Each structure stands twice: as structure tokens, then as C-alpha cells.
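For reference, the structure is listed below as C-alpha cells.
Throughout, read-outs are computed from the coordinates displayed, never taken from laboratory work. Computed from a predicted structure; not experimentally measured. In this analysis, Cβ positions are derived from the backbone assuming ideal geometry, glycine residues included, and neighbour counts consider all displayed protein chains.
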Amino acid sequence: MLKLHSSIKTKFNKETFITKLTDSTLLPLPLRSFNSLLVDATNLENLNSQATQEFECLVIKNSQNIDFDYSNIHYHNLIILPSELNYLDSGDIIKVSPQSGKISTLYRKNSNYNVIFMTERCNSNCLMCSQPPRNIDDSYLVEDYLKAIPLMSPETLEIGITGGEPTLLKNDFLKIVTACRDYLPSTALHVLSNGKLFSYLQYACSLAQIQHPDLMIGIPLYSDIASIHNYVVQAEDAFDQTIRGILNLERTNVRVEIRVVVHQQTYQRLEQIARFIARNLPFVSHITFMGLEIMGHTRANLEQLWIDPVDYQDKLEEAVCYLNRRGMNVSIYNHQLCVLRKSLWPFAKKSISDWKNEYFPECDACTVKDKCGGFFSSSSLRFSNHINPIVSKYLLPNGI
Ligand code: SF4
């Protein structure tokens, strides 16, 4: 699992700042103050003072690999990365608090799993929330990302917006979507929201008016029965608000994805959820059935939530095939291929963010490992009893 937060020993007197890393010593001088020069420790001796001149910081990675006396480097802002951040590369964006020594990765240029984490606050409290809400003032996050978005590569394929509940930031959420439209016009934007605040038509209209060219709102729905959905999200009236929110997004031409997390409280009615969606929300762009991430509240409520995915294959197959027959775009996220019935393999996607995606040692012998989404880093706490390498010479035409 990649660590996104760490600490540095090299402290200097500067306010918290956000900077983009570059390995180009040819960057024109006027641009350097917005960038930090990233240097591999093994190349340090080749650098002359002109090459490093006027960058915001000098950032050294892989310092653990060589015996070097860093006290000889006299640079105004020097950062020696801890080993867990040696993955940082040119084009990545970091946030540094030099006085406290905190450092965080905000964006990785070569990753397809970048997210804008907007807030820890939420107006639901789902039984299986992997990021349990905290009622704190974290409005500084918006400012951080408003600074970081212009530094991101316009070639970024997709960015997620997540929380907590991003729409709780109301106008600030709209500002972030606007900044993504302006600075990253070719980047798909995928927002995770419980959809409740879109039950206010005016708010859905405000989002639509931004006219982001490639926006999707991913909204969880846990049952076709209001009381079950409300119980799972631990919030009264959530079902009504979410459904009204989805309908308002449709009215304003904002695309919606429905997310159904499958666990002990939801698996019984998968087919009924599928029918409910097909009849009442046939306009949604995508429906995905998701496995549990054993983090946050899921750990605390594990006995109430866990079911071996092998034990709900009948119901999952009924739901997925029903939606597929109705011509709807349906997927399965967060499931290993060896626990899925083969008829479901074409729907399985590699969905786990790269920084928390792992495979078990037995996966090395598996012929479909490159097609399999693998595990969350937290999956070692509870996983299916049916993880078995698939050893087959005969693959389907689509490669699985
Ligand atoms: S053995 Fe590992 S790689 Fe193979 S299908 Fe199972 S989880 Fe995936």
C-alpha cells in the first residue's frame, strides 16, 4: 500500500505550501518558483548551482540508497523524502508543512486513481463507511485543491471527488467542479455523493450550469425498500432524498451512476434493486455492484456485514444479468475473479485504487491475475474462503 502522508526531518521556515515536482533542470527561470526540483540522490553530484537555481524547493528522493552527507547541501528549501515517498515523480503534486514536517501527496501524474478529498464531514453515517465521518472544520482542503488543480496535467484521464460528502461544501464543491472544467477540460470527473442535497432542484441546476464536459455523480443505493436503505446509511429520509436527488440530476442532464455495496444487509434483495433501477431509474449511465472494503465502520460492524461473496453469487448473477438484458451498463467492482461465477467475469472491473490494491502470494500462480482486480490492502482482515489460483490454458476470446 502506498503511503500518501508522511513526515520530513528537514524543516525550514516557510508557510504550508503546495508545489509541483519536476525533474527538468531546463525549466525557464520564471516558471521555477511554482515548481520544486526532484532529484534522485544518485544524481546529486552532477547538479550545478545553475540547474537548481530559483526552484521553490530541492526535493531529494532515494536518499537511503547512497551514503551522502546532506549537511553539505545549502539550498534555501531542502526536502529529503522519507523512503515511503520515493515513488514520487515528475509532475506529481505535494503539500508540505515545513514547520511541522508534514508532507502529503495530493496528485500522482501517472496514476488513474487520483482523488480530490473534499471533507471528512457527512450527512449520512453508513454501516460500512470506509472513511467514517468527523464533524470538523476542514474547509482548508478546498483551498488546497483550488491551488493544486491548475498544476495537474491536462492529460489526466480521470479525477475522483470524494469525502465525506462533497456536496456539504455547497458552493465550494461547485467551485472545485468549475476549476476542473477550466483547467482539466479533457479529464473525466467522477464524484462520489449520497445525492441527498441534489433533492434541492436549485442545487442540481447550479451543478448542471457549470456544464462540465465529462461529469458523473456516483450515488449509493442499498435497497429498493426505503427502511433498509435508511438503516444501512443510518439516516432517516435518506432514501427519499437520494431518489429525489437522482431524479433532479436526470432533469438537469447530469449523468448518474448507481453504486450498490453488497453485504449481509443488502444481498438478499439484489434482484429487486435491479428491477427497481430498471423500472424507475432507467436513465442512469452505469450501475455497479461492489464488494466491501474492510476499513473504518466496516471493521467495527464486520459481523453484521460480512458474507462470503461465493454465498451471494445466485443473487448477484440474477441482478447483473437482469440489468444487462435490459440494455443497462452494469459492472462488478472490488471482487476477485476466483470468487465470481464465470458468467459474471465479463462484468468484473479492476476498480481498486492502485495505492491500496494488493494480491495474495497465491495469486502469483494464477493465469488471470492480470485481469483480476485483486484485493484492498485491508482485505487480509477478512476474505473469501474460496481464493484459489485459476490455472487454465483456455481463455475466453475477451481474454478471461
Ligand atoms: S487467485 Fe488471486 S489473481 Fe487469481 S482470481 Fe483469485 S484473487 Fe484474482
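Observations, loosely collected:
- Net charge of neighbours whose Cβ lies under 13 Å from the Cβ of Cys126, counting Lys and Arg as +1 and Asp and Glu as -1: 0
- Amide H partners (placed H, <5 Å) of Ile287, local residues excluded: Ile258, Asn329, Val330, Ser331
- Cα coordinate range in the stretch 95-188, projected on the principal axes (Å, largest first): 36, 34, 25
- Residues whose placed amide H lies under 5 Å from that of Asn334, excluding near-sequence neighbours: Gly291, Lys349, Ser351, Ile352
- From phi via Karplus (6.51, -1.76, 1.60), per-residue ³J(HN,Hα) for the stretch 12-22 in Hz, x at Gly/Pro: 9, 8, 8, 5, 3, 9, 10, 9, 9, 8, 9
- Within the stretch 5-106: Cβ-based charge dipole about Cα centre, in debye rounded to nearest 20 (Lys, Arg +1; Asp, Glu -1): 380 debye
- q = 0.11, 0.13, 0.16 Å⁻¹: log10 I(q)/I(0) that the Debye formula gives for the stretch 5-106, counting C-alpha atoms only: -0.28, -0.40, -0.62
- Across the options Ala278, Ser384, Thr16, the greatest Cα extent toward the positive end of the charge dipole of the chain (unit charges at beta carbon of Lys, Arg, Asp, Glu) belongs to Ala278.
- Cut-off under 5 Å, modelled amide H: who pairs with Ile79 long-range: Leu58, Val59, Ile60
- The order of Arg32, Arg341, going from fewest to most other C-beta atoms within 10 Å of their C-beta, is Arg341, Arg32.
- Relative to the 2.2 N^0.38 Å rule of thumb, the stretch 318-376 has a C-alpha radius of gyration ratio of 1.21.
- For Leu47, the shell of other residues with beta-carbons less than 13 Å away shows a net charge of -3, using +1 for Lys and Arg and -1 for Asp and Glu.
- Rounded to whole Hz, the Karplus (6.51, -1.76, 1.60) HN-Hα couplings of the stretch 76-88, x for glycine and proline: 4, 10, 10, 10, 9, 5, x, 4, 5, 10, 5, 6, 4
- Against the compact-protein benchmark of 2.2 N^0.38 Å, the Cα-based radius of gyration of the chain scales to 1.08.
- Note on Gln64 and Lys349: with the Förster distance fixed at 22 Å, the Cβ-Cβ geometry gives a FRET efficiency of about 0.05.
- Ranking Tyr322, Gln234, Trp355 by Cα position along the charge dipole of the chain, where only Lys, Arg, Asp and Glu carry charges on their C-beta atoms, puts Tyr322 farthest toward the positive end.
- The residues neighbouring Arg279, those whose beta-carbon lies less than 10 Å from its own, together hold a net charge of +1 under the Lys/Arg +1, Asp/Glu -1 convention.
- Burial order of peptide ranges 300-306, 9-15, 52-58 (average beta-carbon count within 10 Å, highest first): 52-58, 300-306, 9-15
- Ordering Val284, Val142 from the fewest to the most neighbouring beta carbons within 10 Å gives Val142, Val284.
- FRET efficiency estimate (nearest 0.05) - Cβ-Cβ, Val310 to Glu54, R0 56 angstrom: 0.40
- Karplus (6.51, -1.76, 1.60) ³J(HN,Hα), θ = phi - 60°, over the stretch 192-208, in Hz, Gly and Pro reported as x: 9, 9, 7, x, 5, 6, 6, 5, 8, 4, 4, 6, 4, 4, 4, 5, 4
- Relative compactness, the stretch 32-186, computed as alpha-carbon Rg over 2.2 N^0.38 Å: 1.21
- Dipole magnitude of the stretch 114-381, debye to nearest 20 (Cβ charges: Lys/Arg +1, Asp/Glu -1, about Cα centre): 680 debye
- Linear extension gain, Gln209 paired with Gln272, 0.36 nm per residue minus alpha-carbon span: 19.3 nm
- Ordering of 368-376, 164-172, 381-389 by packing [mean C-beta count within 10 Å, highest first]: 164-172, 368-376, 381-389
- Per-residue Cβ neighbour rank within 10 angstrom, fewest leading, Ile217, Ile294: Ile294, Ile217
- The alpha carbon convex hull volume per residue for the stretch 161-249 rounds to 85 Å³.
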